[in-house]
Every structure is written in structure tokens, then in C-alpha cells.
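S.K.: Questions regarding the structure given below will be posed in turn.
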Amino acid sequence: MKLQDLIGELEQKHVKLIAVSKTKSVEEIRTVYNTGIRDFGENKVQELISKHEQLPDDIHWHLIGHLQTNKVKYIAPFVHIIHSVDSLKLLVEINKQAEKNNRIIDYLFQIHIAREETKFGLRVEECSHLLNDAQWTKLKHIRLRGLMAMASNTSDANQISEEFTRIRHYFMEVKQRFNQVTDNICFDELCIGMSSDYAIAIACGATMVRIGSLIFGSRNE
Ligand SMILES: *Cc1c(COP(=O)(O)O)cnc(C)c1O
């Protein structure tokens, strides 16, 4: 697929594109940057930092992979959205590092919807529990923007659609609850969908998609 066609399709549907550039070189990212894309996603902190240093300042860097508490300080000065928040402990650290850097860091809760056991993320009940935690509302240097999830790694479109629909329902439920925009909540992003399932994700209400191989070609992982 031509990148311009993908960009056009997503623009028409008002869905934001995050180009997932993990394992790809700075030169490859620059080529995609030159087509006008400004949002890039990485899943490893070290790689994110290194690419941030080498590439233009107007790139929005998204962390889409698991984040360890002791690494938050390295990305806090510049990260655009952290997609993979799955504990209060991690949030407390993000808040602390955001305060040190005199900024407010946007984040998503990563929700586990897939059948596979290996994937990271909160279960829906755990997320609701966290949202009820009084300590969470006191963290003023972070802002909850929405939810992120990955569907099962399957070719069964019905199953993927069922999983995305479930997260969409939960998203709407939380959105209704926090319908007022405050300093630390602006709940408007549902980040679901990758190269293989982004069309299903958009049909299920995605506001953001994370697309790697379709843009950059396959990875040798
Ligand atoms: C790698 C990755 C993607 C992109 O995967 P593609 O299949 O290459 O589009 C999206 N989300 C996360 C969390 C990833 O790690």
C-alpha cells in the first residue's frame, strides 16, 4: 500500500496515525518524516532516546512498549504520550519525573483484551479499581488521555472485532464518567489497531492507530 493512500484514508476518517518505527534506522524514519508524518512510536526506552537525539525536534515520540519505573526519568523530558501505563506505582514515578521537568505528561492505560496471556496491560476491573484510587486523583503532573490495547494475534476477524468492541464499550463507559475535561483528565483517545487489524479497529471506534510494518516494511525480529 502506498503511504499517501494510508495517510489519506486515516485523515478522511479523522484517525491519528502513529508510525511505529521500532528496529528501523534513523534514515528510514527520516524518509517517512519527509512525507509529513510527525508521530512516531517506539517500544524500547533506549531506542526511543537515541532516535529522539538524532531526529528533528518537532517529532512527537510515543512510547508504546512496557515501561520500567527506573527508566521513566530518561524519557520524561520529551515523551509525547506514554501508551503503556499499567500500574499506580508507574504513574507515581511518571508524575514525579514530569514535575521535575516542569511539564504534564499525557498517558494511556494499556488494557489487556487479547486471549494470549503474555501481553502486558491492566484488566478492565483493575483499571476501574485504579480510577477509584484517591491517590491517583492527586497526581497533577500527568494527564489521562484514554486507553490503549492490542487484539489477539489471530487471523480471525470476528474475534478481533469482538475484542475491539469490548474495549470500545469500556472506553465509552469511562469517558462518560470523566466527561469533564480537568487538568489531569482529557479522556478522548482510543488507541487500537496495527498493520494487520487497523481497518477493524477503525470500524470499532479507534481514534489512533499504531502502524509499523505497513509503513516501514516487515521487521526482522
Ligand atoms: C510493533 C507494535 C505495533 C506495530 O505493529 P505492526 O504490525 O508492525 O503494525 C503496534 N503496537 C505495538 C504495541 C507494537 O509493539
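The values are calculated or read from the model by the stated rules, or taken from the named source; none is laboratory data. Just so we're clear, the structure is a prediction, and the values are computed from it rather than from any experiment. When we count neighbours, we look across all protein chains shown, and the Cβ atoms used for this are built from the backbone with ideal geometry, even at glycine.
S.K.: I'm trying to understand the selection: among the residues of region 191-221, which are more than 9 Å from the ligand (Cβ to nearest atom) and of a type in the set (A, V, I, L, M, F, W, C)? Working first, answer last.
M.R.: Taking region 191-221 first, the residues more than 9 Å from the ligand (Cβ to nearest atom) are 192, 199-208, 217, 220.
The answer is Ile192, Ala199, Ile200, Ala201, Ile202, Ala203, Cys204, Ala206, Met208.
S.K.: Does region 76-84 contain at least one residue that is out of contact with any Ser or Thr (no Cβ under 8 Å at 6 or more places or on another chain), of a type outside the set (Lys, Arg) and more than 22 Å from Met208 (Cβ to Cβ)? Walk me through it before giving the result.
M.R.: Here is the first cut: in region 76-84, the ones out of contact with any Ser or Thr (no Cβ under 8 Å at 6 or more places or on another chain) are 76-84.
Those still in the list that are of a type outside the set (Lys, Arg) too: 76-84.
Imposing the further condition that a residue be more than 22 Å from Met208 (Cβ to Cβ) reduces the set to 77.
Looking through region 76-84, at least one residue is out of contact with any Ser or Thr (no Cβ under 8 Å at 6 or more places or on another chain), of a type outside the set (Lys, Arg) and more than 22 Å from Met208 (Cβ to Cβ).
S.K.: Do you know which residues across region 49-72 are within 16 Å of the ligand (Cβ to nearest atom), touching a residue at least 24 places away in the same chain (Cβ under 8 Å) and over 14 Å from Ser84 (Cα atoms)?
M.R.: Scanning region 49-72 gives a single hit, Lys51.
S.K.: Take region 149-193 and flag every residue that is crowded, with 19+ Cβ neighbours inside 10 Å and of a type in the set (A, V, I, L, M).
M.R.: Ala149, Met150, Ala151, Ile160, Ile167, Val174, Ile185, Leu190, Ile192
S.K.: Name the pairs whose Cβ atoms lie under 9 Å apart, with the first residue in region 147-159 and at pLDDT below 95, the second more than 13 Å from the ligand (Cβ to nearest atom) and among the hydrophobic types (A, V, I, L, M, F, W, C), and 6 or more positions between them or separate chains?
M.R.: No pair meets every condition.
S.K.: Which ones in region 22-48 are within 16 Å of the ligand (Cβ to nearest atom) and either part of a helix (DSSP H, G or I) or within 16 Å of Ile7 (Cβ to Cβ) (or both)?
M.R.: Correct list: Glu28, Ile29, Val32, Ile37, Asp39, Phe40, Gly41, Val45, Gln46, Glu47, Leu48.
S.K.: Can you find a residue in region 88-99 that is aliphatic (A, V, I, L, M), more than 16 Å from the ligand (Cβ to nearest atom), surrounded by fewer than 18 Cβ atoms within 10 Å (Cβ to Cβ) and at pLDDT 95 or above?
M.R.: Scanning region 88-99, I find at least one residue that is aliphatic (A, V, I, L, M), more than 16 Å from the ligand (Cβ to nearest atom), surrounded by fewer than 18 Cβ atoms within 10 Å (Cβ to Cβ) and at pLDDT 95 or above, so the answer is yes.
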